[in-house]
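The values are calculated or read from the model by the stated rules, or taken from the named source; none is laboratory data. Only a predicted model underlies this, so the values are computations on that prediction, with no experimental measurement involved. When we count neighbours, we look across all protein chains shown, and the Cβ atoms used for this are built from the backbone with ideal geometry, even at glycine. The protein model used for the area step is the full one, side chains on, heavy atoms only, and it has no ligands, DNA or RNA in it. Shrake-Rupley method; radii C 1.70, N 1.55, O 1.52, S 1.80 Å.
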Amino acid sequence: MAGNPRNGRPYRRLTAQQRSLGLPCWLCGHNIRYDITGPEAGKHPLGFTLDHLVPLSLGGALLDPANARSAHRRCNSSRGNRSTTAKRPRPSRRW
């Protein structure tokens, strides 16, 4: 029986590579709190999480570096498996 592929060494290596880039969140464009590590990183909304451009449920590759993106936990969770493009700010309706 195969284990969870997200617990394996290749996935952890991809996550570490993406974290080392220090990029802003690809969904909202704000800085990610890379200083939050350990168990707290899994709970903090501004902590780093690995997101996939093409969601895994829609056929995206888990270990493809071209599919990996840095995101806030909050942004990644709110996106779910929807759109594969970054959110764009809405234009103001004020004239």
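Against the list (1) within 19 Å of L62 (Cα to Cα); (2) under 13 Å from the mean Cα position of the chain (by Cα); (3) open to solvent by less than 50 Å² (accessible area, probe 1.4 Å); (4) not β-branched (V, I, T), the condition A41 fails is (1).
Hey, any hits in region 77-88 for a residue that's of a type in the set (A, V, I, L, M), in a loop (DSSP other than H, G, I, E, B) and modelled with pLDDT under 85? Yes - at least one qualifying residue is present in region 77-88. Contact map, region 73-90: residues that are over 24 Å from R33 (Cβ atoms) paired with residues that are outside any loop (DSSP other than H, G, I, E, B) and at pLDDT below 90, Cβ distance under 8 Å, separation 6+ or inter-chain. Pairs shown: N81/L56; N81/S57; N81/L58; T84/L58. Regarding region 11-19, can at least one residue be identified that is in a loop (DSSP other than H, G, I, E, B) and surrounded by 11 or more Cβ atoms within 10 Å (Cβ to Cβ)? For region 11-19, residues in a loop (DSSP other than H, G, I, E, B) and surrounded by 11 or more Cβ atoms within 10 Å (Cβ to Cβ): absent.
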